[in-house]
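The values are calculated or read from the model by the stated rules, or taken from the named source; none is laboratory data. The structure displayed is predicted, hence computed values, not measured ones. Here the Cβ positions follow ideal geometry from the backbone for every residue, glycine too, while neighbour counts run over all protein chains shown. Ligands, DNA and RNA are excluded from the accessible area calculation, which covers all protein heavy atoms including side chains. Shrake-Rupley method; radii C 1.70, N 1.55, O 1.52, S 1.80 Å.
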Amino acid sequence: MAKKKTAGGTPATVALDAAGVPFTLHEYAHDPAAASYGAEAAEAMGVSPGRVLKTLLAEADGALAVAVVPVSGQLDLKALAAALGTKRAAMADPAAAERSTGYVVGGISPLGQRRKLRTVVDSGALDHPTVFVSAGKRGAEVELAPADLVRLTAALTAPIARD
């Protein structure tokens, strides 16, 4: 995987460049009518939905947290709460997610967020040589090693996805 410089890129690609992490930027024509941004990305890039990860924000005991799970599954909120050591977790308000991350829903990247939040990456991501996460805008994904994703986001890894 070649490191691809992204002059004037998104905060996610700028963060990857600044950290010297190799990645590949994949862009595709986003359909605003798509029912699932993640499924659309997997289909457009011709990759397994298990390798394309969605970034979700949850509220755990009053604080926002980031959960990164395959688009082929769903976030298990009880498992997320357990991983974070909190009593409960619920999906965050989309407007709060956008304010906190600096990204729009459907383009939220776990990388380069406005505020550093506790992050949990589903442990299944580590089973792949590379994974895809949003590059910070709809219609753009970055491909990188899952270990780099975990390191750059200072994430915990735990089984937080369910089918």
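When a 1.4 Å probe is rolled over the protein heavy atoms, the share of accessible surface on the chain that falls to carbon and sulfur comes to 53 percent. What the chain shows is 47 Å² of accessible area per residue, with the surface traced by a 1.4 Å probe over protein heavy atoms. Taking R0 as 25 Å, what's the FRET efficiency between residue 88 and residue 128 from their Cβ-Cβ distance, rounded to 0.05? After rounding to 0.05, the efficiency reads 0.25. Between residue 163 and residue 95, the modelled label-to-label distance comes to 3.9 nm, taking each label 7 Å out from Cα in the direction of the beta carbon. Placing a pseudo-label 7 Å from each Cα along the Cα-to-Cβ vector at residue 43 and residue 28 gives an inter-label distance of 0.9 nm.
If I take every Cα pair under 8 Å that is 6 or more residues apart in the chain, average their sequence separation and divide by the length, what percent do I get for the relative contact order? Averaging sequence separation for qualifying contacts and normalising by length gives 28 percent for the chain. Using 0.36 nm per residue and subtracting the Cα-Cα separation, the extra length available between residue 35 and residue 116 on full extension is 26.3 nm.
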